[in-house]
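Novice: I'd like to ask some things about the structure below.
The values are calculated or read from the model by the stated rules, or taken from the named source; none is laboratory data. Since we're looking at a predicted model, the values are computed, not measured. Here the Cβ is made from the backbone with ideal geometry for all residues, glycine too, and neighbour counts use every protein chain on show. Quick note on the areas: whole protein, heavy atoms, side chains included, nothing else; ligands and nucleic acids left out. Shrake-Rupley method; radii C 1.70, N 1.55, O 1.52, S 1.80 Å.
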Amino acid sequence: QFHRGQTIRLVKSSCTILRDCSKNIPHFVADSSVSPTGLKWAAPAAGGGMTLISTTAMSTGTVSLTSIAATYKHLLLVLVDTYGSNDCSLYLRFNSDTSATRYRWTNIRGSTTTLSMGTDFEDDHIDINGVIGQNAASLDNLNAHIWVYNYTQTADRVVAGYASGIVAGSQRICSFDGLYTGNSAAISSVQLTAAAGTFSGGSVYLYGVA
């Protein structure tokens, strides 16, 4: 029998704990007001939780995510099933800033037969190299995670992530990191640009991380 507000641990017969409900992970708590199970998902502990801020279709040459509140600690962008009118790279910018010395980046890209590396310490964007294809089939499209750490601070902002997709019949996997520097304004918008042509489909999900 469980009582309202009581946390529950999952154990094996030997009483070994399988799920420690004191950690910030999904778990059940007892609540007699919930029918018929008397169980509900517990609210996550403060810190580390993610909130979906926006969902935006990938179209036109540049997709801009604007009016980002300074409510969170980090940002996570998730691109799903994205493709374009041309095979090209994905450019990342902040606050519509195109200053030629504000961005520093490195990336390593692997394809079916080759491995390449790129870097630039004075650029007007962060380059996610050669991962946008023209494929309409969802299994071939670009999927990516892009983390922006401490986006509200006025010092350098660190960016890191990975992307994969099929371009011109070749599997592309790109790991990248970067720095947005020299601008004391907190990040309030993010721009995603197709290096050539336009986006033709897909979505980007923007999350705030507490």
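Novice: Of a type in the set (A, V, I, L, M), open to solvent by 20 Å² or more (accessible area, probe 1.4 Å) and part of a loop (DSSP other than H, G, I, E, B): which single residue out of Ala160, Ala185 fits that description? Before you say what the answer is, go through the steps one by one.
Specialist: On the way: Ala160 fails: part of a loop (DSSP other than H, G, I, E, B).
Just a single option satisfies the conditions, and that option is Ala185.
Novice: Moving on to the next point. Going through Asp124, Asp120, Asp81 one at a time, which residue ends up being acidic (Asp, Glu) and without any contact (Cβ under 8 Å) to a residue 24 or more places away in the chain?
Specialist: Numbers: Asp124 fails: without any contact (Cβ under 8 Å) to a residue 24 or more places away in the chain; Asp81 fails: without any contact (Cβ under 8 Å) to a residue 24 or more places away in the chain.
Result: Asp120 is the single residue among Asp124, Asp120, Asp81 that is acidic (Asp, Glu) and without any contact (Cβ under 8 Å) to a residue 24 or more places away in the chain.
Novice: Could you list all residues from the stretch 173-187 that are more than 12 Å from Val148 (Cβ to Cβ) and either touching a His at 6+ places or on another chain (Cβ under 9 Å) or among the hydroxyl-bearing types (Ser, Thr, Tyr) (or both)?
Specialist: Restricting attention to the stretch 173-187, the residues satisfying the condition of being more than 12 Å from Val148 (Cβ to Cβ) are 173-176, 181-185.
Scanning the stretch 173-187 gives Ser175, Thr181, Ser184.
Novice: If you go through the stretch 188-210 one residue at a time, how many are within 18 Å of the chain's Cα centre (by Cα), modelled with pLDDT of 95 or more and either loosely packed, with under 14 Cβ neighbours inside 10 Å or in a loop (DSSP other than H, G, I, E, B) (or both)?
Specialist: 2
Novice: Further question: Report yes if Ile173 is touching an Asp or Glu at 6+ places or on another chain (Cβ under 9 Å) and within 24 Å of Leu76 (Cβ to Cβ), otherwise no.
Specialist: Numbers: touching an Asp or Glu at 6+ places or on another chain (Cβ under 9 Å): no; within 24 Å of Leu76 (Cβ to Cβ): yes.
Answer is no for this residue.
Novice: For a quick check of your reading of the model, give me the residue pairs whose first member lies in the stretch 184-210 and is free of Cβ contacts under 8 Å to residues at least 60 places away in the same chain, whose second is open to solvent by 40 Å² or more (accessible area, probe 1.4 Å), with beta-carbon atoms closer than 9 Å and at least 6 apart or on different chains.
Specialist: Short answer, once both residue conditions are applied: Ser184/Thr154; Ser184/Ala155.
Novice: Taking only the stretch 163-182 into account, find how many residues are open to solvent by 40 Å² or more (accessible area, probe 1.4 Å), closer than 18 Å to Glu122 by Cα and part of a loop (DSSP other than H, G, I, E, B).
Specialist: So the count comes out to 1.
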